[in-house]
Amino acid sequence: MTETMRAVVQRGYGSPDRVLELTEIERPAPGPGEVLVRLHATSVNTPDWVLVTGTPAILRLGTGLRRPTAPVRGSDIAGTVAAVGPGVTDLAPGDPVFGSVWQNRAGAGAGTFAEYAVAPADRLLRKPEELPFAAAAAAVMSGITALTAVRDAAAAGPGTRLLINGASGGVGTFAVQIAARLGARVTAVCSGRNAEFVRALGAERVIDYTVEDYTRGAERYDAILDNVLNHPPAASARMLAPTGVLIPNSVGRGSRLLAGLPRMARAATLRWTGTRVRTVTCVPDRTNLAAVAALLGTGEVTAVIERSYPLAEAARAVAHLLGHRARGNIVITL
Ligand SMILES: NC(=O)c1ccc[n+]([C@@H]2O[C@H](COP(=O)([O-])OP(=O)(O)OC[C@H]3O[C@@H](n4cnc5c(N)ncnc54)[C@H](OP(=O)(O)O)[C@@H]3O)[C@@H](O)[C@H]2O)c1
């Protein structure tokens, strides 16, 4: 008899409450090199609402025209190993783990908005005992993206003048903390209601975008991490010091057809005029998982979680992130 599990299945593209449904589906089984994890927590990230809404619509050419071929959203994982597939020797049933199903057999629909998910063993790391499951789940995509942007793309170190646009969101809250810990001088851009909050995370200066446009200021920066892309990339690039680097990091917002893709493309073309441009790819491998675990382990960096939802309210969790006003991360706990 096939075993089943509760999962949130996507029936088409549209608003989360219309297209996401909690239902019972077949429980996946781990193949060679894979691990079946019983979820305790997962988090909601930009790729989830992008795929739920089908925006930018052009992505549907690759993900499925009428509905995503992979029906279950979610990629970040924190839970307990339930079973291991052939060839997995360093994880065993009962182990607490965190990581990502990124690059699993997503075509089979094995996302993490479910009671169980299958992940490649090399995308999972034993979870430090003191790290709560929800924080571990929140730290995967947001934490690794922020770490890659700040440590690698911005090469932040003591005294680096780093501006972070979208400083109070899931990626931004990790980026501010990591940059401050590395000794960077962080200018955080967010709305006034979040000013004190990002200062407490380590920002030296805050620009309230409702009263001030950072692309018109007098300051110059060694790096700009743009998680919003609400300004033309050339305007942001003008705020860089001569050897400064622009890090465009948003595909989500813009027209229905293309969303932020044209601005990402325009940012890339700035290279031709001599601007240093670096993009960020979140790679949830064991090295990066260990790096975020180490940061969280010291207590100097914390996973900011604005709200956690039960699995049955996954649609509300996605809608929360889709509102673009989340303070930190949104998680789903089971
Ligand atoms: N490269 C990768 O692999 C990768 C992976 C994940 C995500 N991303 C990208 O990272 C970006 C950030 O993701 P996220 O999860 O942090 O987003 P998020 O959590 O949805 O960001 C929400 C935050 O954005 C702030 N915000 C909204 N409008 C703003 C504006 N006009 N100016 C400045 N801040 C504004 C809000 O602050 P207020 O409430 O104060 O307005 C809120 O705190 C996304 O665009 C996503 O595409 C990239």
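Here is a yes/no grid of residues against (1) more than 17 Å from Val140 (Cβ to Cβ); (2) under 17 Å from the mean Cα position of the chain (by Cα):
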| site | (1), (2) |
| --- | --- |
| Arg286 | no, yes |
| Leu289 | no, yes |
| Ala293 | no, yes |
| Ser308 | no, yes |
| Arg316 | yes, no |
| Gly323 | yes, yes |
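Considering only region 256-283, how many residues are of a type in the set (Ser, Thr, Tyr) and either in contact with a helix residue (DSSP H, G or I) (Cβ under 8 Å, 6 or more places away or on another chain) or within 13 Å of the ligand (Cβ to nearest atom) (or both)?
3
Would region 82-104 turn up any residue that is within 30 Å of Gly192 (Cα to Cα), crowded, with 20+ Cβ neighbours inside 10 Å and either of a type outside the set (D, E, K, R) or at pLDDT below 95 (or both)?
No, the conditions are met nowhere in region 82-104.
Just need a number here: residues in region 69-81 that are assigned to a loop (DSSP other than H, G, I, E, B) and surrounded by fewer than 24 Cβ atoms within 10 Å (Cβ to Cβ). It would help to see each step written out before you state the result.
To start, the set of residues in region 69-81 that are assigned to a loop (DSSP other than H, G, I, E, B) comprises 69-71, 73-75.
Checking the rest, the ones that are also surrounded by fewer than 24 Cβ atoms within 10 Å (Cβ to Cβ) come to 69-71.
Count: 3.
Does Ala134 meet the test of being within 16 Å of the ligand (Cβ to nearest atom), part of a helix (DSSP H, G or I), farther than 22 Å from Ser250 by Cα and aliphatic (A, V, I, L, M)?
So Ala134 fits the description; yes.
Check Leu59 against each of (1) surrounded by 17 or more Cβ atoms within 10 Å (Cβ to Cβ); (2) aliphatic (A, V, I, L, M); (3) in contact (Cβ under 8 Å) with a residue 40 or more places away in the chain and name the one condition it does not meet.
(3)
Name the pairs: first residue in region 1-27 and part of a helix (DSSP H, G or I), second residue at pLDDT 95 or above and not acidic (Asp, Glu), Cβ to Cβ under 6 Å, at least 6 apart or on different chains?
Pro16/Val52; Pro16/Ala315; Pro16/Val318; Pro16/Ala319; Asp17/Ala315; Val19/Gln10; Val19/Arg11; Val19/Gly12
Before we move on, is Leu147 out of contact with any Pro (no Cβ under 8 Å at 6 or more places or on another chain) and part of a strand (DSSP E or B)?
Against the criterion (out of contact with any Pro (no Cβ under 8 Å at 6 or more places or on another chain) and part of a strand (DSSP E or B)), Leu147 does not qualify.
Would you check which residues across region 251-265 are surrounded by 15 or more Cβ atoms within 10 Å (Cβ to Cβ) and assigned to a strand (DSSP E or B) and list them?
Passing the criteria: only Ala259.
Go through region 304-334 and give me each residue that's within 12 Å of the ligand (Cβ to nearest atom) and assigned to a loop (DSSP other than H, G, I, E, B).
Val304, Gly323, His324, Arg325, Ala326, Arg327
The values are calculated or read from the model by the stated rules, or taken from the named source; none is laboratory data. None of the values given here were measured: they were computed from a predicted structure. Using ideal geometry, Cβ is built from the backbone for each residue, glycine included, and neighbour counts are taken over all protein chains shown.
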